[in-house]
Amino acid sequence: MKEEEKLSSVQVFFLALNFFLASAFILMPSAVAATAGRDGWAAILIAAGAGILLSKLYAALCIRFSGRTIILFAQDIAGEIPGKIMGLLFAWFALHLGALVLRNFGDFMVISLMPCTPLIVFNSVIMLIAAMAVYRGLEVLCRFNLMLMPVILVSMAVIIIFCFTIPNFDAAKLLPLFENGFSRVLKTSLIPMTFPFGEGVLFLMIFPNMSNSGDAKKIMAGAIIASAMIIASITAETVAVFGSNAKNFVYSTHSMIRCIELAEIFERTDTLTIVIWILSGLIKISVCLYAFVKGCTQLFALKDYRPIVIPSGIIMTALSILVYENVIEQTEFASKIWPFYSLVFELLLPLMLITLDSVKKVF
Amino acid sequence: MRGSDIKKNHDKLPQNRLKTGVAYMESLEGKLLDENIEKNIKCLKTIFEKCSDIIFREFVFAQNEQIKLALIYTDGLADKGQVSDQIMRALALEVPMAVPGRVITKAQALEFIKERGLCIHQIKETNKVGEVVNAILSGDTVLLVDGHDTAIINGARGWEARAITDPEAEPTVRGPRESFVESLRVNTSLLRRKIKNPNLKIESFQVGRLSTTDVAIAYLEGVANPAIIKEVKTRIERIKIDAILETGYIEELIEDEPWSPFPTVNHTEKPDRVAAMLLEGRIAIFVDGTPFVLTVPSLMVEFLHASEDYYERFIFTSAVRIVRYLAAFASLVLPSLYIAIVSYHHELLPTALLLSVAAQREKVPYPAFFEVFLMELVFEVLREAGIRLPRPIGQAISIVGALVLGDSAVRAGFVAEATIIVVAFTGISSFTFHYSASISFRLLRFFLMILSGTLGIFGLTIGISAICIHLCGLRSFGVPYLSPVVPTAYSDLKDVVIRAPWWAMVANPRSIPGHNKKRESFGMKPMPPENGE
């Protein structure tokens with residue numbers, strides 16, 4: 001009975017929306033500002049277009065093999081051994097992504113909240129809660145997410161609106177558009193395309209649980225558009241506030257929120273925004289953990305995924321401590337290596353599967 | 001007496017007394033009455049050996065003095081007036097007046113007594129000893145007739161009961177003032193008076209191997225979901241326990257999630273609330289001997305609603321409900337938020353307030369966590385004392401509590417003024433909603449305080465997330481505990497944080513799976529007369 005958890009389209013939409021917003025809301029402005037300068041917002045919008053194409057690919061796979069996850073249909077298409085290898089790669093991607101998000105999280109907490117607390121404290125506590133959510137099942141995770149969504153969306157809206165009141169805010173700083181050429185923006189858009197939009201590939205593990213999996217395309221496209229609007233506007237705002245300095249902040253969203261001063265009550269509220277980020281990051285980590293755990297369960301034909309939730313959580317936490325030495329390395333990795341590395345899983349793997357399948361159908 | 005002596009003496013007891021009470025009652029099963037009244041009386045007297053409250057009254061039938069009769073009843077449970085006037089007086093004196101001259105033989109006696117002798121509205125016959133014993137213990141009066149192996153059970157119960165009074169645990173300003181009492185039949189009659197419909201079914205069970213407590217479930221047929229009714233019955237029938245003294249026993253034995261701090265079974269002492277619950281498709285569980293009635297399945301939001309919400313006008317109610325939700329939230333997180341801000345995130349306070357709090361805290365020797373924890377503990381002690389203390393010394397406690405502990409603690413420099421304000425407000429807030437939910441909120445408050453004392457606002461957020469995840473997974477009789485919020489039933493949201501006016505609540509709540517989809521007709525909104533008269 002536990003296996004037949006059915007999710008409504010609304011639940012999956014908000015899960016995807018939160019998944020895309022989670023770390024991007026706080027990391028993206030600086031990430032795109034590094035190469036695209038003040039045109040970062042445009043890069044994000046372009047990436048959203050590419051993301052929609054990617055999600056069309058995922059949805060096509062999902063509809064073609066309705067009711068089966070990528071782990072299972074990879075074996076159908078490519079044969080058992082190559083299919084299992086692909087499944088293993090996919091599970092690794094989920095694990096790695098989860099570890100990276102967890103690490104981003106922990107770093108953010110240490111840097112902006114409690115500099116003297118060791119990283120492992122934050123990482124393990126967050127993982128504990130994520131494991132708890134995954135253990136309770138996908139349906140509970142979706143409900144939990146639905147509960148958080150109003151809080152997260154309202155807070156983000158408030159942040160975006162209140163940022164206009166920052167004394168330094170000057171929309172003219174966004175001009176001139178495309179000063180360094182459009183190709184630079186195009187190149188930069190690879191970053192937001194692979195993170196966060198391409199990461200939606202993990203939803204291939206969730207689509208089979210939808211009661212109406214035909215909606216997958218609409219849902220993903222909607223979530224990408226909505227999240228892209230939010231991320232692009234916050235990116236534009238960081239430029240409007242900090243100008244060309246925006247790229248010098250590690251967490252420019254957070255630094256910008258610190259500048260808000262309103263009516264002597266709403267000042268120095270950056271700590272409160274950490275709450276939002278904890279909540280939405282929690283969901284993203286849970287989705288990664290779920291994808292990994294579910295993937296392993298199907299890969300090794302286990303009966304139930306629950307027994308391996310805690311061990312997987314421990315592995316993910318350990319990996320999150322090991323992946324980087326420091327934040328600088330993380331920033332380097334995120335902008336130089338991640339876009340190409342992740343494309344293997346986000347584009348190559350699904351594309352290969354769908355091509356193979358089409359070819360098989362022809363012959 | 002040493003232990004071995006006790007055991008030795010115990011061994012000497014007659015075999016049937018050695019068995020536990022349960023087995024003893026079971027041993028009566030299948031045992032039948034004899035035709036000889038002497039034997040029957042002897043048998044019952046052995047059973048009720050050393051029960052000083054069981055009365056055996058032997059007399060003869062007025063028509064034919066050869067026929068011996070015996071009345072057996074429990075002193076205090078049977079209505080003495082009825083027993084002496086309607087049974088004894090009738091049989092021992094008045095029967096000859098009704099049928100002068102006619103002689104009744106032993107063989108005719110039972111029929112005749114049933115038809116003409118007894119002036120009791122409810123009688124029953126049995127030939128089983130077990131049933132006779134049960135009847136006597138439940139307050140019925142048993143009549144044995146010589147020469148017949150059948151006993152007549154007279155429903156002449158009447159015992160001292162508490163009068164129906166104002167609800168003490170759930171007081172209201174507007175709405176019915178009656179509350180349930182300890183007697184099951186009075187309670188079901190209060191409910192029947194609210195819903196005069198044959199579809200209101202009240203099914204009885206007996207639970208408790210020693211106590212044989214009467215338990216009844218009430219539901220509206222055609223409204224409540226049959227699957228849930230069946231589930232409730234199965235869960236009650238599987239209870240094998242010596243005694244049920246309060247609905248709390250049943251609550252703990254039928255819960256979905258016994259380890260959860262949240263109550264998944266609601267209870268109330270107000271008949272109008274039970275009626276409202278049944279009308280929405282829920283099922284009520286009555287237990288004899290307690291004024292508290294359980295209702296299942298229950299949702300989280302129920303605990304934040306009061307029955308008065310539906311009687312007061314909707315605009316006011318909605319406003320009050322928002323306040324209540326805020327208070328509930330405050331009662332859960334306010335102390336932990338205070339700890340987190342004061343010890344880790346001072347910058348969140350506006351400058352003027354920050355300076356004031358800092359000045360207060362300067363003279364306090366303890367960390368904020370310890371200080372708040374201590375004061376919360378003091379508050380819990382005061383609250384507990386307030387319930388347990390004998391009424392006349394209540395005054396003394398409130399003076400000690402309010403003045404000595406509150407005021408002097410600040411003057412002595414043990415705690416900051418801000419802490420007292422926070423703790424007091426939290427304490428008051430926790431009384432704005434249902435008591436059993438507020439217990440779980442209070443418990444979780446300490447858990448959150450520990451988290452925010454160690455990890456600041458991060459710990460607080462994590463703690464709240466853990467609670468939310470737990471709540472999302474909870475179910476009460478198969479119904480998700482957090483519905484209609486998540487999973488979202490949009491049409492039910494008009495009765496969660498706000499309450500829509502009655503004319504707009506056409507549909508019954510969909511989160512409780514029932515069959516009655518509509519509770520009123522459309523177009524109930526009051527309109528001005530059309531032709532403007």
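Only the coordinates and a few stated rules stand behind these numbers; no lab work does. Nothing here was measured: the structure is a model prediction, and the numbers come from that model. Neighbour counts run over all protein chains shown; Cβ positions are idealised from the backbone, glycine included.
Computed values, structure above
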{"quantity": "Estimated 222 nm signal from helices in the protein assembly as shown, with DSSP H stretches of n ≥ 4 weighted -39500 (n - 2.57), rounded to 500", "calculated": "-17000 deg cm²/dmol"}
{"quantity": "Selection of GluC sites (Glu not before Pro), the range A:112-202, meeting DSSP coil and at most 14 other Cβ within 10 Å", "calculated": "A:Glu179"}
{"quantity": "Shielding of A:136-148 by partner chains, average beta-carbon count, 10 Å", "calculated": "5"}
{"quantity": "Exercise: per-residue mean of other protein chain Cβ atoms within 10 Å, A:266-276", "calculated": "4"}
{"quantity": "Among beta bridges that DSSP assigns inside the protein assembly as shown, antiparallel share in %, nearest 5", "calculated": "100 percent"}
{"quantity": "Cα gyration tensor shape for the range B:314-480, rounded if a/c is under 1.5, else prolate or oblate", "calculated": "oblate"}
{"quantity": "The protein assembly as shown shape via C-alpha gyration tensor axes, a/c threshold 1.5", "calculated": "prolate"}
{"quantity": "Length-normalised contact order for chain B - Cα pairs under 8 Å, 6+ apart - percent", "calculated": "12 percent"}
{"quantity": "Shielding by partners, peptide B:340-351 (average Cβ within 10 angstrom, other chains)", "calculated": "3"}
{"quantity": "Aspartates and glutamates with Cα under 15 Å of B:Lys196, excluding same-chain neighbours fewer than 8 positions away", "calculated": "B:Glu221, B:Asp272"}
{"quantity": "Cα gyration tensor of the range B:420-533 - equivalent ellipsoid semi-axes, whole Å, descending", "calculated": "39, 20, 12"}
{"quantity": "Along chain B, longest interval not containing exposed chymotrypsin sites (Phe, Trp or Tyr not before Pro), exposed being DSSP loop plus at most 12 other Cβ atoms within 10 Å", "calculated": "B:260-430"}
{"quantity": "Length-normalised contact order of the range B:11-154 in % [C-alpha pairs under 8 Å, at least 6 apart]", "calculated": "32 percent"}
{"quantity": "Sparsely packed GluC sites (Glu not before Pro) within the range A:249-327, loop by DSSP, other Cβ within 10 Å at most 12", "calculated": "A:Glu264, A:Glu325"}
{"quantity": "Loop trypsin sites (Lys or Arg not before Pro), the range B:189-296, which have at most 11 other Cβ atoms in a 10 Å radius of their Cβ (DSSP)", "calculated": "B:Lys196, B:Arg238, B:Lys240"}
{"quantity": "Span-like helix ranges in chain A, DSSP H, alpha carbon extent 24 angstrom or more, Kyte mean at least 0.5", "calculated": "A:40-64, A:80-112, A:119-136, A:138-162, A:216-242, A:270-299"}
{"quantity": "Normalised contact order of the range B:348-460, rounded percent, pairs of Cα under 8 Å and 6 or more residues apart", "calculated": "32 percent"}
{"quantity": "Chain B: antiparallel DSSP beta bridges as a percent of all, rounded to 5", "calculated": "100 percent"}
{"quantity": "Rounded tilt (10° steps) of B:351-362 against the dominant C-alpha axis of chain B", "calculated": "70 degrees"}
{"quantity": "Of A:Met193, A:Ser9, A:Leu97, farthest towards positive along the dipole that unit charges on Lys, Arg, Asp, Glu beta carbons give the range A:2-354", "calculated": "A:Ser9"}
